[in-house]
Amino acid sequence: MIVLDGCALASGETGHVAFEGDRIVSAGTGDPPDGTRIDASGCLATPGLVNCHHHLYQWATRGLAQQATLFEWLVELYPTWARIDADIERAAARAGLASLLLSGCTTASDHHYVFPRDAGDLLEVEIEAARELGIRFYPCRGSMDLGKSDGGLPPDSVVEDRDEILTACSEATDRWHDPSPGAMLRIALAPCSPFSVTRDLMRECAALARARGVRLHTHMAETVEEEQFCQELFGMRPVEYLEDVGWLGDDVWLAHCVHLNEREVSRFGETRTGVAHCPSSNARLGAGIAPVVPLVRAGAPVGLGVDGAASAEHGELAGELRQALLFARLAGGPAAITAREALDLGTIHGARCLGWDDELGKLEPGSLADIVLWRLDDLDHAGIEDPVAALVLGARPLADRVFVGGREVVRGGELLTADVEEIARDLAAMRLVPA
Ligand SMILES: [Zn+2]
């Protein structure tokens, strides 16, 4: 038994979190159980953050197309992404996952949808990186089958054949998906977006996922241009299209959802469809502000995502708590959301998006011991009245200790499972630039 003692809790009180093996045994203000005591005074303990949307490979293509809209940015970057291979994927995935762990993220989803021929098994590469670093991982087997010659946005060189995609999705599920409690690896299926995927692939992926009991993920309603594209290609709004292909439901979570009308917000709530809110990426691309508070009020889970680092130039999740709160208040005023509600987006709501809230996103007996101790006694945070305000409204604190399933992977803000300087050198050597 390990006892993190003397830490602040999200209630604002001082207490402890105790765990044995990969499970939390007790948490609260009562007497801590006997065990190996770790002095956690000066820290706030929270559940590990859950990242609901990412494209790890994009770590190798940051700093490009800086003033572009989403579609301009994609069209500029697709040809560069077509050149990724296993070495680039490995470097990018290790960098992206290290950055997540160091910012208090213990469960990471990734949406990988670029599979150049002869590039090797890029999904396997990122799964190996996650195992090496010790993060709980939820990769999505992404796909694109609607190339430019068929009316899609991506060049034909980066799309795959539909039958090959479905076979690859089926094989990835067989090989990697672990539905058992405490799993370190689960798989979802994730056709990329309405403008890069055929209607048939959307329908068939949904049928395959439901037959196999895995979840569905895609991009949705990110920009005004996407809305126009769907009107032209499908004769309907993006969410109408999504509903038409059977993609609203409690086994689905969707990235962005910036441009929703009131009826669509209600449908998300009624169907318990999840949303991965990516405020920094939305701001970088000037996409707009997602209706996070109305979605939560309607009953939809709204988790947070860093999105691919090529549309934010960073991939640390704790900062998104602050960005989400600031955006919600810009949209709805200072009372729109509290610091604790913003923390919930990054923890329990994220766990709900991944269908994993029975074990993740909370510090309760029986939950997985995915725990972060945030340092709040430093220059930036000492003396802030409320520890949750210090975490969410203040500067991003040091994630002093990070535990994943009871295993310590960060101590003193340093990654214990890999050499960060080596990861940075490798990434710089592997970065992809436009041809
Ligand atoms: Zn994305």
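The values are calculated or read from the model by the stated rules, or taken from the named source; none is laboratory data. Everything numeric in this text was worked out from a predicted model, so none of it was measured. Reconstructed Cβ throughout: ideal geometry from the backbone, glycine too, with neighbour counts over all protein chains shown.
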- Query: When only residues in region 368-391 that are under 27 Å from residue 94 (Cα atoms) and in a loop (DSSP other than H, G, I, E, B) count, which is nearest to the chain's Cα centre (by Cα)?
  - Reply: 370
- Note on the structure: Across (1) away from the ligand (no atom under 16 Å from the Cβ); (2) outside any strand (DSSP E or B); (3) within 22 Å of residue 419 (Cβ to Cβ); (4) touching a residue at least 40 places away in the same chain (Cβ under 8 Å), residue 96 clears everything bar (1)
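Does region 60-70 contain any residue that is more than 30 Å from residue 148 (Cβ to Cβ) and of a type in the set (Lys, Arg)?
Kept after step one, since they are more than 30 Å from residue 148 (Cβ to Cβ), are these residues of region 60-70: none.
Taking every residue of region 60-70 in turn, none turns out to be more than 30 Å from residue 148 (Cβ to Cβ) and of a type in the set (Lys, Arg).
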- Output for region 99-111, where each listed residue is buried (at least 24 other Cβ atoms within 10 Å of the Cβ) and not hydroxyl-bearing (Ser, Thr, Tyr): 100, 101, 104, 105, 108, 110, 111
- Task: Please list, ordered by first then second residue, the pairs with beta carbon atoms under 7 Å, 6 or more apart or interchain, first in region 246-270 and closer than 14 Å to residue 349 by Cβ, second basic (Lys, Arg) and assigned to a loop (DSSP other than H, G, I, E, B).
- Result: 250/272
- Task: Output the residue which, of all residues in region 24-41 that are farther than 23 Å from residue 360 by Cα and hydroxyl-bearing (Ser, Thr, Tyr), is surrounded by the fewest Cβ atoms within 10 Å (Cβ to Cβ).
- Result: 36
- Scan of region 99-110 for residues that are more than 16 Å from residue 351 (Cβ to Cβ) and out of contact with any Asp or Glu (no Cβ under 9 Å at 6 or more places or on another chain), ordered by number: 101
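Conditions tested, residue by residue: (1) basic (Lys, Arg); (2) within 16 Å of the ligand (Cβ to nearest atom); (3) over 21 Å from the mean Cα position of the chain (by Cα); (4) at pLDDT 95 or above.
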residue: 198; (1), (2), (3), (4): no, no, yes, yes
residue: 201; (1), (2), (3), (4): no, no, yes, yes
residue: 204; (1), (2), (3), (4): no, no, yes, yes
residue: 208; (1), (2), (3), (4): no, no, yes, yes
residue: 214; (1), (2), (3), (4): no, no, no, yes
residue: 217; (1), (2), (3), (4): no, yes, no, yes
residue: 230; (1), (2), (3), (4): no, no, yes, no
residue: 246; (1), (2), (3), (4): no, no, yes, yes
residue: 264; (1), (2), (3), (4): no, no, yes, yes
- Task: Identify the residue in region 182-213 that is of a type outside the set (A, V, I, L, M, F, W, C) and not in a helix (DSSP H, G or I) and, among all such residues, is surrounded by the fewest Cβ atoms within 10 Å (Cβ to Cβ).
- Result: 213
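Conditions (1) at pLDDT 95 or above; (2) among the hydrophobic types (A, V, I, L, M, F, W, C), marked per residue:
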site: 24; (1), (2): yes, yes
site: 34; (1), (2): yes, no
site: 72; (1), (2): no, no
site: 75; (1), (2): no, yes
- Query: Which condition breaks for residue 399 when tested against (1) crowded, with 20+ Cβ neighbours inside 10 Å; (2) more than 27 Å from residue 283 (Cβ to Cβ); (3) small (Gly, Ala, Ser)?
  - Reply: (2)
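Being assigned to a helix (DSSP H, G or I), touching a residue at least 24 places away in the same chain (Cβ under 8 Å) and over 16 Å from residue 100 (Cα atoms) is the filter here, so list the residues in region 392-435 that pass it. Break it down into steps so the answer makes sense when it comes.
Here is the first cut: in region 392-435, the residues assigned to a helix (DSSP H, G or I) are 392, 420-430.
Then keep just the ones that are touching a residue at least 24 places away in the same chain (Cβ under 8 Å); that gives 392, 420, 423-424, 426-427, 429-430.
Once the filter is applied, which keeps residues that are assigned to a helix (DSSP H, G or I), touching a residue at least 24 places away in the same chain (Cβ under 8 Å) and over 16 Å from residue 100 (Cα atoms), region 392-435 yields 392, 426, 429, 430.
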- Query: Can you spot a residue in region 54-63 that is more than 16 Å from the ligand (Cβ to nearest atom), buried (at least 24 other Cβ atoms within 10 Å of the Cβ) and at pLDDT 95 or above?
  - Reply: no
- Message: Here is a check on your reading of the model: is residue 125 within 30 Å of residue 369 (Cα to Cα), aliphatic (A, V, I, L, M) and without any contact (Cβ under 8 Å) to a residue 40 or more places away in the chain?
- Response: yes
- Query: Out of the residues in region 287-323 that are more than 13 Å from the ligand (Cβ to nearest atom) and modelled with pLDDT under 95, which is nearest to residue 334 (Cα to Cα)?
  - Reply: 316
- Query: Which of the following residues is more than 18 Å from residue 57 (Cα to Cα), surrounded by fewer than 18 Cβ atoms within 10 Å (Cβ to Cβ) and touching a Lys or Arg at 6+ places or on another chain (Cβ under 7 Å): 393, 416?
  - Reply: 393
- Message: Looking at the structure I just gave you, is residue 83 of a type outside the set (Gly, Ala, Ser), more than 29 Å from residue 274 (Cα to Cα) and either within 16 Å of the ligand (Cβ to nearest atom) or at pLDDT below 95 (or both)?
- Response: yes
- Item | region 313-365 - residue that is surrounded by fewer than 23 Cβ atoms within 10 Å (Cβ to Cβ) and of a type in the set (Val, Ile, Thr) and, of those, farthest from residue 217 (Cα to Cα) | 338
- Do you know which residues across region 124-176 are of a type in the set (Val, Ile, Thr), part of a helix (DSSP H, G or I) and modelled with pLDDT of 95 or more? 125, 127, 165, 167, 173
- Can we say residue 325 is in contact with a His (Cβ under 9 Å, 6 or more places away or on another chain) and part of a helix (DSSP H, G or I)? no
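Check region 109-129 and report whether any residue there is under 22 Å from residue 285 (Cβ atoms) and of a type in the set (Phe, Trp, Tyr).
Restricting attention to region 109-129, the residues satisfying the condition of being under 22 Å from residue 285 (Cβ atoms) are 109-114.
Cutting the leftovers down to of a type in the set (Phe, Trp, Tyr) gives us 113.
The answer is yes, given that some residue of region 109-129 is under 22 Å from residue 285 (Cβ atoms) and of a type in the set (Phe, Trp, Tyr).
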